[in-house]
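The values are calculated or read from the model by the stated rules, or taken from the named source; none is laboratory data. This one's a predicted model, so the numbers in the text were calculated from it and none came from an experiment. Every residue, glycine as well, gets a Cβ built from its backbone with ideal geometry; the counts of neighbours run over all protein chains shown.
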Amino acid sequence: MALALFFLVTMGVGWLLSKGTEKIISRYIDDEKYSNYVGSTNGVADLVNKLTVPLTFTISFLLVFTLVSGGFPYLDAVASSTRPLIWIGLVFSTLWLGIRVINFFANRYQSLQIENLAEEHFDKERRRRTYVSIFRRVFIFVMILGSIWIGLSEFANMEGLGKTLLTSAGIAGVVIGIAAQPILGNIIAGVQVAVTQPVRIGDSVIMDGNFSTVEDLRYTYAVLKTWDERRLIVPMRELITETVENWSHTEVHQTCPVFLYVDYGADIDAIRQQFISAVKDNKLWDNKTEPEMFVVEVTANIIHLRGAVSAVGPIEAWTLACEIREQMLNYLYSKQKAYLPAERLILKGKDQ
């Protein structure tokens, strides 16, 4: 009863300390000076507010654990049976506090150093967003594993139970390690993706024939959003071991081909001029790279034309290519219908 009462008192003391700190910071902080460094006058107050509950539990468990570890003789008998439980509570409340701190600073960094970047800094924006997404999860994962190990370490001092738990944990660790090889491999691959960045959040990629945008990078898999709003769940290892066509790895500017096939006798110059005019009149054209068209192949039946269009991004370039292809088909059908690809059959009479 005395231990429970002491725990409630320490909870109250921890809560009052947390709230008092928040009030003091909100009252005396230099708003103008702080906003120049952090971009928000409530940043520290928000941090304290988010940490109030886990910090209260951490302070309370810490004080109680210190008490039952030997400072109060009347609780010796209670300490031997409650010490491991209090230790577990202290470890997990500290874990809760650490996760809150990581998430706060990750979100703050994202809002100040990523979302405020101009559009021309797309490369820096995607690189930083990838770092935050993966390393936030990796740090939390490491903290969870470390907390479990630290929590079990308290039982090692308990004769009999400690040996049984550690032996069981060792056997379970071997079994889980063998079974979790694919998971651990994907986690390691995720760290490699964050460091080397073959793909980043926001990149336009083609994987297994699907044109997609990298929507998120998580512990063991990546989420790819296809052009038709589907979601592809791709293991991290495939981003390292498989071939991924990244359309925006170095820059978002994209050029797309437009192929046309015409018969002999077609006016190639007129087709080329119509193609260039159609591209320049389209609002998706980037106004920088000149559209062009070349004869790339001649077979016994057709002439193969290849045009090139460019836009500010992969999606825009793909859409521009589709629109120009449709316009050129209409032009060929209306202006040079006689020279569309056709099969020729030669009929000979019996006397020939």
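Within region 296-316, restricting attention to residues that are surrounded by fewer than 13 Cβ atoms within 10 Å (Cβ to Cβ) and of a type in the set (A, V, I, L, M, F, W, C), which residue is nearest to the chain's Cα centre (by Cα)? Give the derivation first.
Residues of region 296-316 that are surrounded by fewer than 13 Cβ atoms within 10 Å (Cβ to Cβ), as a first pass: 296-301.
Those still in the list that are of a type in the set (A, V, I, L, M, F, W, C) too: 296, 298, 300.
Details: Val296: 40, Val298: 46, Ala300: 51 Å.
This residue is Val296.
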Query raised in the report: Name the strands (runs of 3 or more DSSP E) wholly within region 209-310 that hold at least 1 residues that are in contact with a strand residue (DSSP E or B) (Cβ under 8 Å, 6 or more places away or on another chain), closer than 23 Å to Arg129 by Cα and β-branched (Val, Ile, Thr)?
Result: 210-217, 221-226, 231-235
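Any idea which of Arg136, Arg127 is modelled with pLDDT of 80 or more, part of a helix (DSSP H, G or I) and charged (D, E, K, R)?
Working: Arg127 fails: modelled with pLDDT of 80 or more.
Unique residue meeting the criteria: Arg136.
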**Report entry** Where a residue in region 264-286 is under 27 Å from Thr299 (Cα atoms) and its partner, wherever it lies, is among the aromatic types (Phe, Trp, Tyr) and in a helix (DSSP H, G or I), with Cβ under 6 Å and at least six apart
**Finding:** Gly265/Tyr339; Ala266/Tyr339; Gln274/Tyr331
Report task. Look at Val234 and say whether it is in contact with a helix residue (DSSP H, G or I) (Cβ under 8 Å, 6 or more places away or on another chain) and touching a residue at least 12 places away in the same chain (Cβ under 8 Å). Result -> no
Query raised in the report: Can we say Gly162 is modelled with pLDDT under 75 and in a helix (DSSP H, G or I)?
Result: yes
Query - Filter result (aliphatic (A, V, I, L, M), under 17 Å from Glu251 (Cα atoms) and part of a strand (DSSP E or B)) within region 196-208 - result: Val205, Ile206
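Residues in region 256-275 that are closer than 19 Å to Glu326 by Cβ and surrounded by 15 or more Cβ atoms within 10 Å (Cβ to Cβ): how many? Working first, answer last.
Quick first cut of region 256-275, residues closer than 19 Å to Glu326 by Cβ only: 256-262, 266, 270-275.
Okay, now just the ones that are also surrounded by 15 or more Cβ atoms within 10 Å (Cβ to Cβ), so 256, 258, 260-262, 266, 271-272, 274-275.
Residues flagged as closer than 19 Å to Glu326 by Cβ and surrounded by 15 or more Cβ atoms within 10 Å (Cβ to Cβ) within region 256-275 amount to 10.
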Report task. Select from region 213-224 the residues that are surrounded by 15 or more Cβ atoms within 10 Å (Cβ to Cβ) and either over 19 Å from Ile188 (Cβ atoms) or β-branched (Val, Ile, Thr) (or both) and write down the one among them that is modelled with the lowest pLDDT. Result -> Thr220
Query raised in the report: Mind checking whether some residue in region 320-343 is within 24 Å of Thr213 (Cα to Cα) and modelled with pLDDT under 90?
Result: no
